[in-house]
Amino acid sequence: MVGLLYEPPSREHILGTDNFGRDVMVELIYGMRTSIYVGLLSGIIATAIGTIIGTTAGYIGKTVDNILNSITNLFLVVPSFVILILLSVSLKSRSLTLLALIIGITSWPWTARAVRAQTSSLKTREHVKMAKLNGENYIEIMVKEILPYMLSYIFMVFVLQVAGGILAEAGLSMLGLGPSNTVSLGTMLSWALLYEAVRTGAWWAFIPPALTIAIITFSLLYMNTGMDEVFNPRLRS
Amino acid sequence: MKELLRVSDLKAYYQLRLGEKLRAVDGVTLTLHEGEVLGIAGESGCGKSTLASCLSGLFFPPLRYNGGEIILDGIDVIRADKQTLRKSILGKKISFIPQSAMNALNPTLKIGDFIADVMQEHEPNLSREETIKRAEERFELLSLPKDVLKAYPFELSGGMKQRTIVVISTLMNPEVVVADEPTSALDVSSQKQVISLMKRLLEMKITKSMIFITHELPLLRHVADRIAIMYAGVILEIGTMSQIIFAPRHPYTEILMSSVIVPEKGIRGRRLPLISGRPPDLRKRIKGCRFADRCPYVTEECKASEPDMKEVDGREVRCIHPLKKKEVEQNVII
Amino acid sequence: MSSSNNVILKVKELTKVFSSGRRKVIAVDHVSFDIHKGEIVSLVGQSGSGKTTTAHMILNLLKPTSGNIVFEDKDIKYVNKRAYWQNVQGIFQDPFSSFNQFFVVKKVLRDTFKILDKSFNNKEKDRIIVKALEDVNIDPDDVLEKYPFELSGGQMQRIMIARIFIIKPKLVIADEPTSMIDSILRANILELFEKLRNIQGTSIMFITHDIGLAYYVSDRIFIMHNGKIVEEGDAEQVIMNPNHPYTKGLIEDVPTLHKEWLLTKGS
């Protein structure tokens with residue numbers, strides 16, 4: 001504790017202090033790290049699962065598609081936030097990594113859906129037929145002929161997943177189900193809400209973390225528009 | 001005959017990234033008279049579609065006007081106010097039938113309602129009922145089934161959709177119809193029906209003239225009165241249908257003609273011309289004749305400066321040494 | 001011509017029914033024909049005639065609902081797909097989408113060797129690739145390190161034919177191989193098919209809607225309409241003296257240079 005409860009921004013504390021008298025600026029910087037970690041990890045997990053399931057279902061089709069599609073739909077209709085809450089409540093200690101894992105495992109179905117749709121349209125392209133006539137197997141075709149065409153799309157979905165992961169963590173934290181013993185942008189918002197920062201007008205306790213979440217999400221999406229040129233050789237020149 | 005359209009030295013460039021310009025239409029001059037069908041032929045990328053899209057005087061970015069004149073029925077459309085252009089010219093003086101026009105039909109509207117919506121834009125004073133009645137009359141006049149107006153686009157065949165588009169775009173009796181590959185997505189029998197319809201509109205004087213753009217020369221043989229051959233943004237030869245089809249004078253026209261394959265006696269066993277290369281890069285300034293690199297008759301002179309159009313045997317040719325009459329005939333009738 | 005040992009591919013009562021829910025569409029309806037060794041034939045039809053579906057079945061990319069495809073006296077149902085594709089290959093309509101745009105031409109052509117049983121090292125592969133590109137009149141240095149979108153449609157289609165020169169199949173199914181190529185470059189491509197036939201004795205089947213092209217290139221023509229073959233025979237015979245009313249109508253509808261086409265005058 002470096003200051004008093006909800007001290008407004010000053011020379012010592014650029015963004016003031018929070019309900020425990022902690023420096024908001026310091027918390028913000030540390031919390032960003034936590035949130036980005038959770039976001040990236042959950043994003044990678046969700047995108048990986050979604051891409052594998054989506055591509056396989058879309059490319060192989062028929063029975064495989066039916067089975068994978070049912071699983072996807074099952075995950076879609078069960079509200080993932082409820083699973084998240086139930087899991088978080090039943091776990092004794094909630095480490096960051098565990099939280100990221102849980103978020104990742106519950107948020108892939110939309111990716112799978114989108115990737116499946118893309119794959120089933122891409123598989124009718126002539127270079128896919130050409131690859132078949134070259135004797136390439138399913139995996140080779142999926143990895144070489146289909147995935148590259150979706151890369152920029154998958155990256156976009158990944159960015160949305162990262163943003164979603166950050167928000168999910170914030171959401172859980174605001175309910176008090178966030179990571180134990182650490183500061184994240186979400187826990188900051190959660191404390192601010194709990195200790196009536198909004199009512200007392202201590203804007204510096206909740207606006208900076210909220211704004212930071214928005215800026216991170218925005219920059220990830222902005223990066224995505226530039227990624228097209230990285231993935232598509234046609235746009236590189 | 002009255003002159004309906006005069007294009008002189010028209011230049012229209014695409015503005016690319018990094019300040020580059022693609023000179024898609026690079027100095028085109030042509031005229032169109034009442035009752036006439038002018039065919040414009042050329043390979044993909046020669047600028048024929050770009051030329052078509054500028055004829056109303058409206059340039060949509062990245063396409064930019066870069067010089068020249070377009071006089072449409074006495075109106076200088078380049079200098080005219082764009083707002084009045086849209087209102088008073090489109091559909092009334094000039095009407096477009098683009099490549100995949102049939103996809104322009106709104107899938108959620110019945111054809112009749114679609115027509116009413118479109119006409120509302122052009123004739124706000126006309127009531128919906130009147131518009132639909134007018135469309136009905138036009139369908140009857142052209143002996144097309146009236147039921148089409150009550151159908152949704154998906155209930156019609158591709159050929160019927162395209163014929164419907166032809167009727168819609170000529171409802172206001174345009175003086176100039178610009179058709180850009182209007183049948184390239186159709187099978188041969190629908191193609192014939194669509195083109196017959198367009199010809200009938202001309203014969204009934206509902207439309208006054210037509211510019212027909214295509215890469216298929218055999219089609220122009222039956223549709224066009226005059227033909228312009230475009231290559232790399234310019235016209236290389238322009239003349240009457242029989243001059244161009246049966247006695248071309250520009251080496252490029254000759255090659256184009258002798259590469260035509262139609263189901264007709266004498267085609268089997270004929271040697272097709274073998275030329276390689278591709279048209280020049282239109283982002284760069286081109287010195288000399290644009291066809292020089294691929295021309296079998298090329299000389300040093302050809303590469304020195306771009307030849308002007310000159311009159312040869314009643315048609316205009318952009319070539320320093322156009323083919324002679326005799327060798328032309330030998331080459332065509334084999 | 002019709003002696004059975006000269007037949008390379010025999011299609012018997014081939015049928016394909018596509019069903020979605022209760023609706024059934026018969027795309028190919030009991031189609032039978034033969035292709036002989038070293039012969040160029042065309043399967044001609046308008047869109048929706050079933051010609052492309054037939055091509056896909058012959059290429060073993062699609063399973064027939066019923067009927068047989070017999071290649072060199074063996075039903076292809078019982079032939080290993082790899083072995084079949086060493087002998088029967090395809091060329092498609094759109095050269096741009098026939099290439100994976102993420103790979104340079106060299107990589108695309110090297111991948112071709114996967115279908116061959118013999119294994120090659122990269123040096124051997126490159127030597128064969130260079131030879132094949134020269135066969136199709138392309139300067140290898142011009143294209144090997146290029147991405148597909150840096151090439152013209154004509155170049156790409158010739159590279160697709162170079163692929164055939166590498167694999168050396170006995171039958172090539174060419175699905176509208178020139179429809180997206182400018183007419184003045186079409187001759188270059190057609191010449192290569194001739195060369196393929198003359199040098200390697202390859203049989204070629206063109207799948208096309210272009211009657212003029214079919215007439216120009218083929219020995220025999222099959223006319224397909226609504227899933228059925230309505231007329232077949234010698235190209236000269238089918239096009240100049242068609243018997244079936246559908247064929248007659250089809251040929252009348254194609255604009256030519258010397259016959260009247262539009263008969264609207266005065267009507």
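If you scan the stretch C:203-219, which residues turn out to be more than 10 Å from chain B (Cβ to nearest Cβ), in contact with a helix residue (DSSP H, G or I) (Cβ under 6 Å, 6 or more places away or on another chain) and either surrounded by fewer than 24 Cβ atoms within 10 Å (Cβ to Cβ) or closer than 13 Å to B:I261 by Cβ (or both)?
Passing the criteria: only C:T208.
Taking the stated definitions as given, is A:L235 part of a helix (DSSP H, G or I) and either of a type in the set (S, T, Y) or loosely packed, with under 15 Cβ neighbours inside 10 Å (or both)? Can you show your working first?
On the way: part of a helix (DSSP H, G or I): yes; either of a type in the set (S, T, Y) or loosely packed, with under 15 Cβ neighbours inside 10 Å (or both): yes.
Taking the combined requirement at face value, the residue satisfies it.
Please pick out the residue among B:S56, B:S88 that is more than 16 Å from B:M230 (Cα to Cα), surrounded by 14 or more Cβ atoms within 10 Å (Cβ to Cβ), without any contact (Cβ under 8 Å) to a residue 12 or more places away in the chain and not aliphatic (A, V, I, L, M).
B:S88
Which one is nearest to B:E175 (Cα to Cα) among residues in the stretch B:38-53 that are hydroxyl-bearing (S, T, Y) and crowded, with 17+ Cβ neighbours inside 10 Å?
B:S53
Here are some residues: A:I213, A:I207, A:I141. Which one is among the hydrophobic types (A, V, I, L, M, F, W, C), at pLDDT 85 or above, part of a helix (DSSP H, G or I) and under 26 Å from A:L86 (Cβ atoms)?
Answer to the check: A:I213.
Quick check on the stretch B:186-201. Is at least one of its residues more than 19 Å from the chain's Cα centre (by Cα) and closer than 23 Å to B:E34 by Cβ?
no
If you scan the stretch C:31-48, which residues turn out to be over 16 Å from the mean Cα position of the chain (by Cα) and within 14 Å of chain B (Cβ to nearest Cβ)? Lay out the reasoning, then the answer.
The first filter runs over the stretch C:31-48 and keeps only residues over 16 Å from the mean Cα position of the chain (by Cα), leaving C:31-32, C:48.
Answer for the stretch C:31-48, where residues must be over 16 Å from the mean Cα position of the chain (by Cα) and within 14 Å of chain B (Cβ to nearest Cβ): just C:G48.
Residues of the stretch B:76-88 being modelled with pLDDT of 85 or more and closer than 27 Å to B:T214 by Cβ, which ones?
B:V77, B:I78
Please pick out the residue among A:L96, A:L76, A:L68 that is within 25 Å of A:F155 (Cβ to Cβ) and surrounded by fewer than 17 Cβ atoms within 10 Å (Cβ to Cβ).
A:L76
Which one of the conditions (1) modelled with pLDDT of 90 or more; (2) of a type in the set (S, T, N, Q); (3) farther than 30 Å from C:P245 by Cα does C:S203 fail to meet, given that it meets all the rest?
(3)
Against the definition (surrounded by fewer than 22 Cβ atoms within 10 Å (Cβ to Cβ) and within 9 Å of chain B (Cβ to nearest Cβ)), how does C:E260 come out, yes or no? Walk me through it before giving the result.
On the way: surrounded by fewer than 22 Cβ atoms within 10 Å (Cβ to Cβ): yes; within 9 Å of chain B (Cβ to nearest Cβ): yes.
In short, yes.
What are the residues in the stretch B:252-287 that are among the small types (G, A, S) and more than 8 Å from chain C (Cβ to nearest Cβ), if any?
Quick first cut of the stretch B:252-287, residues among the small types (G, A, S) only: B:258-259, B:266, B:269, B:276-277.
B:S258, B:G266, B:G269, B:G277 - these are the residues of the stretch B:252-287 that are among the small types (G, A, S) and more than 8 Å from chain C (Cβ to nearest Cβ).
When you scan the stretch B:167-189, how many residues do you find that are in a helix (DSSP H, G or I), within 27 Å of B:M230 (Cα to Cα) and more than 14 Å from every other protein chain (Cβ to nearest Cβ)?
Selection size over the stretch B:167-189: 1.
For A:T124, are the conditions met, namely being outside any helix (DSSP H, G or I), β-branched (V, I, T) and closer than 30 Å to C:N60 by Cα?
yes
Would you confirm whether any residue within the stretch B:246-255 is hydrophobic (A, V, I, L, M, F, W, C), in contact (Cβ under 8 Å) with a residue 12 or more places away in the chain, more than 20 Å from B:T183 (Cα to Cα) and in contact with a His (Cβ under 9 Å, 6 or more places away or on another chain)? Walk me through how you get there before you give the answer.
Kept after step one, since they are hydrophobic (A, V, I, L, M, F, W, C), are these residues of the stretch B:246-255: B:246-247, B:255.
Applying the additional criterion that residues be in contact (Cβ under 8 Å) with a residue 12 or more places away in the chain yields B:246-247, B:255.
Those still in the list that are more than 20 Å from B:T183 (Cα to Cα) too: B:246-247, B:255.
Then drop every residue that is not in contact with a His (Cβ under 9 Å, 6 or more places away or on another chain), which leaves none.
The answer is no; no qualifying residue exists.
Take the stretch C:8-64 and flag every residue that is part of a strand (DSSP E or B), farther than 17 Å from C:V230 by Cα and without any contact (Cβ under 8 Å) to a residue 40 or more places away in the chain.
Matches in the stretch C:8-64: C:F18, C:S19, C:S20, C:R23, C:K24, C:V25.
Tally up the residues in the stretch A:120-157 that are away from chain C (no Cβ under 12 Å) and either surrounded by 21 or more Cβ atoms within 10 Å (Cβ to Cβ) or more than 28 Å from the chain's Cα centre (by Cα) (or both), please.
The qualifying residues number 4.
Please work out which one of (1) facing chain B (nearest Cβ under 7 Å); (2) part of a strand (DSSP E or B) is the condition C:P255 fails and give its number.
Of the numbered conditions (1) facing chain B (nearest Cβ under 7 Å); (2) part of a strand (DSSP E or B), the odd one out for C:P255 is (2).
Residues of the stretch B:148-166 being in a helix (DSSP H, G or I) and more than 19 Å from the chain's Cα centre (by Cα), which ones?
B:V148, B:L149, B:K150, B:P153, B:F154, B:E155, B:G158, B:G159, B:M160, B:K161, B:T164
Check whether at least one residue in the stretch A:61-76 is among the β-branched types (V, I, T) and within 20 Å of A:M174 (Cβ to Cβ), and report yes or no.
No, there is no match, as no residue in the stretch A:61-76 is among the β-branched types (V, I, T) and within 20 Å of A:M174 (Cβ to Cβ).
Quick check on the stretch B:194-251: of everything there that is at the interface with chain C (Cβ under 9 Å from one of its Cβ atoms) and of a type in the set (D, E, K, R), which residue is surrounded by the fewest Cβ atoms within 10 Å (Cβ to Cβ)?
Per the stated criteria, the residue is B:E203.
Taking the stretch C:230-249 on its own, how many of its residues are within 10 Å of another protein chain (Cβ to nearest Cβ) and touching a residue at least 40 places away in the same chain (Cβ under 8 Å)?
Within the stretch C:230-249, residues that are within 10 Å of another protein chain (Cβ to nearest Cβ) and touching a residue at least 40 places away in the same chain (Cβ under 8 Å) number 1.
So for the stretch C:50-65 (the condition being within 14 Å of chain B (Cβ to nearest Cβ) and either surrounded by fewer than 17 Cβ atoms within 10 Å (Cβ to Cβ) or touching a Pro at 6+ places or on another chain (Cβ under 7 Å) (or both)), does at least one residue qualify?
No, there is no match, as no residue in the stretch C:50-65 is within 14 Å of chain B (Cβ to nearest Cβ) and either surrounded by fewer than 17 Cβ atoms within 10 Å (Cβ to Cβ) or touching a Pro at 6+ places or on another chain (Cβ under 7 Å) (or both).
Would you check if there is a residue in the stretch B:190-197 being in contact (Cβ under 8 Å) with a residue 40 or more places away in the chain, under 28 Å from B:L55 (Cα atoms) and part of a helix (DSSP H, G or I)?
yes
Take the residues in the stretch C:66-95 that are within 9 Å of another protein chain (Cβ to nearest Cβ) and of a type in the set (F, W, Y); name whichever of them is farthest from the chain's Cα centre (by Cα).
C:W85
Take the residues in the stretch C:115-149 that are facing chain A (nearest Cβ under 7 Å) and surrounded by 15 or more Cβ atoms within 10 Å (Cβ to Cβ), then tell me which one is nearest to the chain's Cα centre (by Cα).
Out of the qualifying residues, it is C:I115.
Would you confirm, using the coordinates I've provided, whether B:L282 is outside any loop (DSSP other than H, G, I, E, B) and touching a strand residue (DSSP E or B) at 6+ places or on another chain (Cβ under 8 Å)?
Criteria not met by B:L282.
What tally of residues in the stretch C:189-202 results from selecting those that are within 14 Å of chain B (Cβ to nearest Cβ) and either in contact with a strand residue (DSSP E or B) (Cβ under 7 Å, 6 or more places away or on another chain) or in a loop (DSSP other than H, G, I, E, B) (or both)?
Adding up the residues that qualify gives 1.
Please go through (1) over 30 Å from B:L256 (Cα atoms); (2) not in a strand (DSSP E or B) for B:I71 and return the number of the only condition it doesn't satisfy.
With respect to (1) over 30 Å from B:L256 (Cα atoms); (2) not in a strand (DSSP E or B), B:I71 is out only on (2).
State whether one or more residues within the stretch C:118-132 are in contact (Cβ under 8 Å) with a residue 40 or more places away in the chain and closer than 16 Å to C:T202 by Cβ.
Checked against the condition, which is being in contact (Cβ under 8 Å) with a residue 40 or more places away in the chain and closer than 16 Å to C:T202 by Cβ, the stretch C:118-132 yields no hits at all.
The values are calculated or read from the model by the stated rules, or taken from the named source; none is laboratory data. Keep in mind the model is a prediction, meaning the values are calculated, not measured. Methodologically, a virtual Cβ is constructed for each residue, glycine included, from the backbone with ideal geometry; neighbour enumeration extends over all protein chains shown.
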